[in-house]
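Written below as structure tokens is the structure these notes are about.
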Amino acid sequence: MAKDMEGPEGFQTRDYEDPPPTPFIDAEELTKWSLYRAVIAEFVATLLFLYVTVLTVIGYKIQSDTKAGGDDCGGVGILGIAWAFGGMIFILVYCTAGISGGHINPAVTFGLFLARKVSLIRAVLYMVAQCLGAICGVGFVKAFQSSYYVRYGGGANSLADGYSTGTGLAAEIIGTFVLVYTVFSATDPKRNARDSHVPVLAPLPIGFAVFMVHLATIPITGTGINPARSFGAAVIYNKSKPWDDHWIFWVGPFIGAAIAAFYHQFVLRASGSKSLGSFRSAANV
């Protein structure tokens, strides 16, 4: 467990260290294979994520379509869809965390960029890779099940009937806040120092956050909280309704991610200047 240790002149020091802020623009990264390997990992992970989850959504609609011989209670249901999204995030974050950090979501990348965990160059390349991976993943679904894909909406996100734009936007903001806040908490170096098992289990709470948010917001927006997921489905399905509502699935997640980054960095962890001020106050007592 983390504990205070006796430092010079009797002051208490920490047995963990926060990593220094990442440079805003790190051009040297472009010369390193590790960056491109991470970008490839984000592309493949997002492709697999969209392929499995969109297939799950379409499969559920096929099995529960009474007009096509299905059963109202057939298929995995909303609970199963939520498990598919949360389970795939758990699996893919576990697989890619050591390579790219396991973002698999432009909103997560944006939040970590605001917190100076990744550089602007890495953030932009990640987001491009995630969006391209999402397009390819949904493209595979359409290629393998073209007739069902079109008939059952292609897994595209849009605002459900009966809900206002404000409600949909709020659902995306709050849902993404829950996800990105969980990412920050699960990867906090202070927590990792106190509980050595936390880095191994970090993908689990992140996957559960995705699962819980889906349970709450599938009836409202189909649950975006991931602009790449919404973008890839909208591009391949390419109908007016998903495109009309598409801005919600970028604006909402980015606002939610920004709030989560601010809350974790400047409220829960406080800023470096605040910590320094407390140290100076103690020194003058």
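Among the listed residues Ser164, Ser119, which satisfies the condition of being more than 19 Å from Ile62 (Cα to Cα), hydroxyl-bearing (Ser, Thr, Tyr) and touching a residue at least 24 places away in the same chain (Cβ under 8 Å)?
Sole residue among the options that is more than 19 Å from Ile62 (Cα to Cα), hydroxyl-bearing (Ser, Thr, Tyr) and touching a residue at least 24 places away in the same chain (Cβ under 8 Å): Ser119.
Quick one: would you say Gly133 is surrounded by 19 or more Cβ atoms within 10 Å (Cβ to Cβ), in contact with a Ser or Thr (Cβ under 8 Å, 6 or more places away or on another chain) and farther than 25 Å from Ala261 by Cβ?
no
As an exercise: evaluate Ile81 against (1) modelled with pLDDT of 95 or more; (2) β-branched (Val, Ile, Thr); (3) touching an Asp or Glu at 6+ places or on another chain (Cβ under 9 Å) and give the number of the one condition it does not meet.
(3)
When you scan segment 229-251, how many residues do you find that are within 16 Å of the chain's Cα centre (by Cα) and more than 19 Å from Leu50 (Cβ to Cβ)?
1
Which one is modelled with the highest pLDDT among residues in segment 22-42 that are part of a helix (DSSP H, G or I) and of a type in the set (S, T, N, Q)?
Across segment 22-42, the extreme among qualifying residues is Ser34.
Taking into account only those residues within segment 99-130 that are assigned to a helix (DSSP H, G or I) and not hydrophobic (A, V, I, L, M, F, W, C), which is surrounded by the fewest Cβ atoms within 10 Å (Cβ to Cβ)?
My answer is Arg122.
Within the bounds of segment 243-263, is there any residue that is modelled with pLDDT under 95 and buried (at least 18 other Cβ atoms within 10 Å of the Cβ)?
For segment 243-263, residues modelled with pLDDT under 95 and buried (at least 18 other Cβ atoms within 10 Å of the Cβ): absent.
Being among the charged types (D, E, K, R) and in contact with a Phe, Trp or Tyr (Cβ under 8 Å, 6 or more places away or on another chain) is the filter here, so list the residues in segment 21-70 that pass it.
Across segment 21-70, the qualifying residues are Glu42, Lys61, Asp65.
Could you please find all residues in segment 229-249 being without any contact (Cβ under 8 Å) to a residue 40 or more places away in the chain and part of a helix (DSSP H, G or I)?
Correct list: Ser240, Trp243.
For residues that are in a helix (DSSP H, G or I), modelled with pLDDT under 85 and of a type in the set (Gly, Ala, Ser), tally how many sit in segment 46-78.
2
The values are calculated or read from the model by the stated rules, or taken from the named source; none is laboratory data. Since this is a predicted model, take the numbers as computed values, not measurements. Cβ sites come from the backbone with ideal geometry, for glycine too, and all protein chains shown count toward neighbours.
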